[in-house]
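One structure is given below, encoded as structure tokens.
Please treat every number below as a calculation from the coordinates, not as lab data. Given the structure is predicted, the values throughout are model-derived calculations rather than measurements. Cβ placement follows ideal geometry from the backbone for every residue including glycine, while neighbour counts extend to all protein chains displayed.
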Amino acid sequence: MLLGVTQEQHPDRCRLFAQWKGFDWPILHDPINLLEAAAVPIVVAIDEQGVVRSVRPKPETLEQDFLDREFHTGGAAPVPMRPPTPDPEQVARQAGAENTAPAWRRLGDALVLWGGANRVNEAIAAYEETLRRAPGDAIARFRLGVCYRLRSEGPKRHPGDFQAAVRAWDRAFAAHPNQYIWRRRIQQYGPRLEKPYPFYDWVDQATAEVRARGEKPIPLPVPPSGAEIAGPVREFGPEASPPRAPDPEGRILRDGDGLIRTEVVVVPSRIPAGQSARIHVSFHPNSRRMAHWNNEAEPLRLWIDPPPGWEISRRLLVAPQGDRPETNEVRRLEFEVRAPATGAGTVQFSAYALYYACENIGGTCRFLRQDIPITVEVRR
Amino acid sequence: MRREGWVLMLVGSLLTAGSLGAGEPYAPQVGRPHPNFVLPRLDNRRPVSLSEFRGRKVLLIQFASW
């Protein structure tokens, strides 16, 4: 029989993939890389006694080498019976009693695998306890990043979660540069110049084809967008037309009331000279002020002035409007920058956004500007 | 074990779809028991362990949709 294990952050995306491809075998979810595979795909042929008979078997000889063959266990030890599913409460008691890095990491694992998004805060705390005792535990650091990213996509999100995830993944990967699973997690959100493939560009095709078969596609709570569906490129393409700064003299009224909160995430969090980063800027209407977008006016625009010597994919970005006159969705814009070939340190980009935002239902709408500090760290 | 052609094709496509990094810590040894594990199923989060399949040949496929 076939048994799948997927290393992806988002289980629903792999479920859609399996539905699209017609995989009818069980697939398990390993978002924290519990099995510690360094790369996928990998296929292992395991006999009836649980003994490994082939790693990466050749498809052309799979039948004769494995399927049709009888294996004798010889002196191989039998596979242990099914271990109990970790009980987070029991593991928590053990972690408290032992108070060691491995025990706290086991608790983080149990919480994120079996507690899910509801217990992500506890999982983060457990991995942080691990790292306080073992700062060099790159596995715990990668898993901490998984939890931050998980929290960033849910109702318990904290500002800075996404950047914290990227920082954790960066540090983990720096310690184990051959760990491709960890590297892919960064590349999923990273610059096109560094990507091996688009990651989730298949989603639209899969959804359409599943629907055409008369089936209901697996819904995706967090549809992939931006970097996750962008294909790799070798160079930044030229902008369609030379853009003009929309408010060069800074005359537009600032969003002093904080109708829109912005968040900037740099992926990867630090880059070497000459390398690129993808900048994610998200715009969150202030729910306390019942802030929302006015979609009957000009769309949200983001202008970026790169420092001398830096390349930029686009200086002017425009966000799509909502589908109703007033909406309050989070809007996201992404662009990429490439550092000069030499130099290191912290570099500030000058950027600002212009938008029409409204306060309260049917309230006043204003055309506003927000200056957005963007910092990129360049390491030697 | 079902031996439909697509199983072999799937194994072939997965094996040629990407490359392994060097020095991976996941290193199952031929002739040795595969380490047991428990992970949740994608579709219903039910815990599933490798040892549940003792008595059947298993092709364990670690993959990602990308």
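Peptide A:4-15 shows a mean partner chain C-beta count of 5 within 10 Å per residue C-beta.
Distances between placed amide hydrogens fall under 5 Å for A:Ala273 paired with A:Arg379, all partners being 5 or more residues away or on another chain. The value given for segment A:235-379 is a Kirkwood hydrodynamic radius of 16.1 Å, derived from the mean inverse Cα-Cα separation. Per residue of A:173-183, other chain Cβ atoms within 10 Å of the residue Cβ number 3 on average.
Comparing mean-square fluctuations of A:Asp47, A:Asp201, A:Asp109 from a GNM of chain A with C-alpha springs under 10 Å, the top value falls on A:Asp47.
Using a Förster distance of 41 Å, how high is the FRET efficiency between A:Arg234 and A:Gln90, based on the Cβ-Cβ distance and rounded to 0.05?
Working: r = 52 Å, r/R0 = 1.27.
Efficiency computed from Cβ-Cβ geometry: 0.20.
Our helix-only sum for chain A, with -39,500 (n - 2.57) per DSSP H run of n ≥ 4 divided by its residues, gives a mean residue ellipticity at 222 nm of -8000 deg cm²/dmol. According to the square roots a ≥ b ≥ c of the eigenvalues of the Cα gyration tensor, what is the shape class of segment A:128-187, taking rounded for a/c under 1.5, prolate for a/b larger than b/c otherwise, and oblate for the remainder? Oblate.
Summing Lys, Arg as +1 and Asp, Glu as -1, what charge do residues with Cβ under 14 Å from the Cβ of A:Val210 carry, A:Val210 excluded? Before the final figure, lay out the partial values.
On the way: positive: A:Arg13, A:Arg15, A:Lys21, A:Arg211, A:Arg213, A:Lys216; negative: A:Asp12, A:Asp204, A:Glu209, A:Glu215.
Its environment carries a net charge of +2.
With bins 10 Å wide beginning at 0, the percent of Cα pairs of the protein assembly as shown falling in each bin runs 4, 18, 27, 25, 16, 7, 3, 0, 0. Evaluating 6.51 cos²θ - 1.76 cosθ + 1.60 at θ = phi - 60° for every residue in segment B:37-50, the Karplus couplings come out as 7, 10, 9, x, 5, 4, 7, 10, 6, 5, x, 10, 10, 4 Hz, glycine and proline recorded as x. Among the residues of A:50-62, the average count of other protein chain beta-carbon atoms within 10 Å of the residue beta-carbon is 6.
At R0 = 51 Å, how high is the FRET efficiency between B:Arg32 and A:Asp323 if r is their beta carbon distance? Nearest 0.05 is fine. Write down the numbers at each step before the final one.
Numbers: r = 57 Å, r/R0 = 1.12.
Efficiency for this residue pair is about 0.35.
Ranked by the mean number of other Cβ atoms within 10 Å of their residues, highest first, the peptides A:50-56, A:61-67 come out as A:50-56, A:61-67. Taking 7 Å steps out from each Cα toward its Cβ at A:Asp68 and A:Phe367 produces label points 7.7 nm apart. Converting phi to 3J(HN,Hα) with the Karplus coefficients 6.51, -1.76 and 1.60 and the offset θ = phi - 60°, segment A:336-348 yields 10, 10, 10, 6, x, 5, 10, x, 8, x, 9, 10, 9 Hz in sequence order, with x at every glycine or proline. Taking Cβ atoms as reference points and 12 Å as the exclusive limit, the residues near A:Asn286 contribute a net charge of 0, counting Lys and Arg as +1 and Asp and Glu as -1. For chain A, take the longest principal axis of its alpha carbons; what is the angle in degrees between that and the long axis of helix A:120-133, to the nearest 10 within 0 to 90? The angle comes out at about 80 degrees. Applying the Karplus relation 6.51 cos²θ - 1.76 cosθ + 1.60 with θ = phi - 60° to segment A:203-216 yields 3J(HN,Hα) values of 4, 5, 4, 4, 4, 5, 6, 5, 5, 5, 7, x, 9, 8 Hz, where x marks Gly and Pro.
Amide H contacts under 5 Å for A:Glu326: A:Asn295, restricted to partners 5 or more places along the chain or on a different chain, H placed in the peptide plane at 1.01 Å from N.
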